[in-house]
1. Rounded, prolate or oblate for chain B? Axes are the square roots of the Cα gyration tensor eigenvalues, ordered a ≥ b ≥ c, and the cut-off for rounded is a/c under 1.5.
2. Need one number: nm distance between label points at B:E230 and A:E10, each 7 Å from Cα along Cα→Cβ, rounded to one decimal.
3. Give me the lysines in straight-line cross-link reach of B:K332: C-alpha distance below 17 Å, same-chain residues under 8 apart excluded.
4. Once you've got the GNM for chain A with C-alpha springs shorter than 10 Å, pick whichever of A:P43, A:P393, A:P103 has the biggest mean-square fluctuation.
5. Would you please give the FRET efficiency between B:L38 and A:Q198, computed as 1/(1 + (r/R0)^6) with r the Cβ-Cβ distance and R0 = 35 Å, to the nearest 0.05?
6. Modelling each spin label as a point 7 Å along the Cα-to-Cβ direction, I'd like the B:R59/A:A28 distance in nm, to one decimal.
7. Would you mind checking the stretch B:84-111 for residues with the amide N under 17 Å from a putative spin-label position 7 Å along Cα→C-beta of A:N56?
8. Given the -39500 (n - 2.57) contribution per DSSP H run of 4+ residues, what per-residue ellipticity at 222 nm results for chain A, rounded to the nearest 500 deg cm²/dmol?
Amino acid sequence: MKFIPHTGEERQQMLKELGINDLEELFAEIPEEIRLKRELNVPGPLSELEVARKLNSLAGKNKTVDQLAAFLGAGVYDHYIPSAVQHIISRSEFYTAYTPYQPEISQGVLQSIFEFQTMICQLTGMDVANASMYDGASATAEAALMACAATRRSKVLVSKTVHPQYREVLRTYASGPELQVIEVDFTQGCTDLEKLKQFLDKDVAAVIIQQPNFFGSLEDLTAAAKAAHQVKALLVTCADPVSLGLIASPGSCGADIVTGEGQGLGIPMSYGGPHLGYMACAAKLMRRMPGRIVGETKDNQGRRGYVLTLQAREQHIRREKATSNICSNQALCALAATVHLSLLGRKGLRSVAEQCLQKAYYAYEQIIKLPGYQPAWAVPFFKEFVIKTPQPPEEINRRLLDNGIIGGLDLERYYPQLKNHMLLCVTETRTKEDIHRLVALLGGDVK
Amino acid sequence: MSEPLIFELSRPGRRGILPPENDVPCKEVEQLIPAGMLRQDEPQLPEVSELDVVRHYTRLSRMNYGVDVGFYPLGSCTMKYNPKICEDAANLPGFTRLHPYQPEETVQGALELMYHTQNYLAEITGMDAVTLQPAAGAHGELTGLLIIKAYLKHRGEKRTKVIVPDSAHGTNPATATLAGFKVVQVKSDLRGNVDIEALREVVDEDTAALMLTNPSTLGLFEENIVQIAEIVHNAGGLLYYDGANMNAIMGITSPGRMGFDVVHLNLHKTFATPHGGGGPGSGPVGVKAELEPFLPKPVVVKENDTYRLDYNRPLSIGRVRGFYASFGVVVKAYTYLISQGGSGLKSISEHAVLNANYLMHRLAGHLNIPFDRRCMHEFVCRPRGLKGKGVRTLDLAKRMLDYGYHPPTIYFPLIVEEVMMMEPTETESKETLDDFARSVIKILQEAAEDPEQVKTAPHSTPVGRLDEVTAARKPVLRYNG
């Protein structure tokens, strides 16, 4: 397949105009000693038909969540995506555009981002939101850096109930400016607030809490905010936006910065990416935010329009003094989320959240009745919960997989103290029948 | 043309998508979650029908300009055609419907695709190992510099300085700061190369790395690259390659052959994945063998005929994102790579450079070309003799909108006043370049004869020039209706 339109004749004309004989001469300035004297070892070229065959074959080697009913969550969720979402983001006026540097011909993407920012503010209960970040993990790490810059402090407290991968990314990001990251233990499935208070001092820039947390449990955000604010530290909350249809917004609990993973809002799981990080904050922190921000303004005839704004924070203006090095966002994923939320609407998001809640509790209550299965702790949860299992989760998951089900996440991988603990997730896409099959198989009913 | 906000289309009680009836027995929500933890207010999302939504966003799409709409010679951004088959491939349910925590035995196709992509990118860049984890170019830069930092620390060296040329992308100095280094700028010489003497002066035992784009942001091949690599390496520093301009050199030379130790690529530039209006992108990082242990984890490995994720990497810098990669973007790049093969990739670079030189040649009599040299895949130029008319590069760019083009990059690189940077890419035809050149020449004539027409442009877009000053001074960042 080639996407080069030149005919042989045209190529000759162009070379002739340049006064050269062949394409080779274009590269005369590249020293001989560093030239590649052989062809690149990349297979192809292939025709479109061959390419399609190859990709279908690779895709066919995978088993999807449509073939295997999955009870995996842990940061990535199988929520239903309305058909119209893919149709809109497949409009190539959107997906083949660059960052909207020329606002006069980019009102489509600019206005959709403005709508996205508005929706994120509404869900999180915050004043301002940016145009999106790479993913939930990196958005949370950026929030920690932002909190350090805003408070001029260099210590970050992060609960061990925050997604283990998010904590890993936080540590990686902290290694650059050499910030101190302290992990706070949990008790009964939630952040140990007493331990948190012991770590709080005037060097702490931020306290990071996830809501619902990695175990699916609901944290007492209001208490965490109060504790953080007593030493003038900021509360960073990392929230699942789907839960916000039902759960109190972090803003109403006192959070200063809210981040999270927006994948559940109309973005396919796609084996882990691309997904959608989001970030919102209190108005007083607006000029500290990393990333693109879209603002409303007027054109030279007084008509409403949208532009990238507050760019004095950004790398292309401030270079080494920028608030972050980020120079893109996940615009197309943000558009998907905006379309998704529009289709669900005010009532729809709550209804999805409520179905997740009801189905998760339905599954939970049946599983804990099975012999040998116990609740890990007794705290309210949203769509995920932790079960203590009678056998190693690895064995259980093997049995489930042989019977067409992907079980939960084995928590020992991240928490050595949680041996024989499994994190299960139930969203609105799992049916009553799926749940019954899971429960039957867990109870030993194997084929 | 104007379009209300989706919130302004809202009508109380109107619904779009309805979820199915809940098929499990329900309890009162308050029985499950304490009232204090429940949301008291309803989020003010719009209440609209599916048709309202589809029309609204379709109308917005028509107020947006993409490569599929027309010529997009935005320098440094490589706005080439994004093949449709790549979109189809990434949308296959066999890829989109995979949970990242699924057992490895159920995702062998995905891992195989990632494994091959790692290898192909290593081959193209002349590196020994590649991570697909970074989510964008700037994210790749951060990953690369943290790898360098970890490598130096492992060797017991404390080097604090990162050198960047004055022509560098803004992300380079911003990333160096984020990675905890001090930024030192080095100037360019009259041919647009790094000034070798100035470089010698700043390179010392504190130098961790030099970050370089080659071809540079001026679209010029750094002729002294071998010497530059020697200077930095002799001082014990490393060379970082900003891969934004990789489109010019595939199969001709490689960062590895030039002496670079760490490379990031932009799959959304060179490897034809779409830019999405600002993302998602993907910024894989390649390294030479001695830096491989420091790559983010996990890395995809092959053992016998099985692919798996390798987490056992004690020297790794850790993670830079959740999970493994912008996998959907990687699928598109893989599709593109095998559609081209080694010979096709070289041809891409040759034609990208041919097109840029041809366009530069067509415009040379009308615009000032500050560096009288062969350009690579892009070139810089600037208007001449328009200052007296009060016409700036910005005005020319805005007038190009009226002619149906996306303008080139303007006011970057920072070292050339009133600069325009044009990158036509290999996917544009000779007649497109000819038409564009004619339009630019016509606009330059207008600027000389009827400057008001140009200074008040654009005249045919959905909105005119927007007041960016007020937008920043009195920010309105959300709908408050």
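1. The shape class here is oblate.
2. It is 4.3 nm.
3. A:K2, A:K54, B:K80, B:K84, B:K269
4. Judging by the Gaussian network model, the answer is A:P43.
5. Once the sixth-power term is evaluated, E becomes 0.70.
6. About 5.7 nm separates the two model spin labels.
7. B:85-96
8. Working: 14 runs with 164 residues, N = 447.
Calculated mean residue ellipticity at 222 nm is -11500 deg cm²/dmol.
Here, each number is a calculation from the coordinates, and none is a lab measurement. Quantities reported herein were computed from a predicted structural model and do not represent experimental measurements. For neighbour counting, all protein chains shown are included, and Cβ atoms are generated from backbone atoms with ideal geometry for every residue, glycine included.
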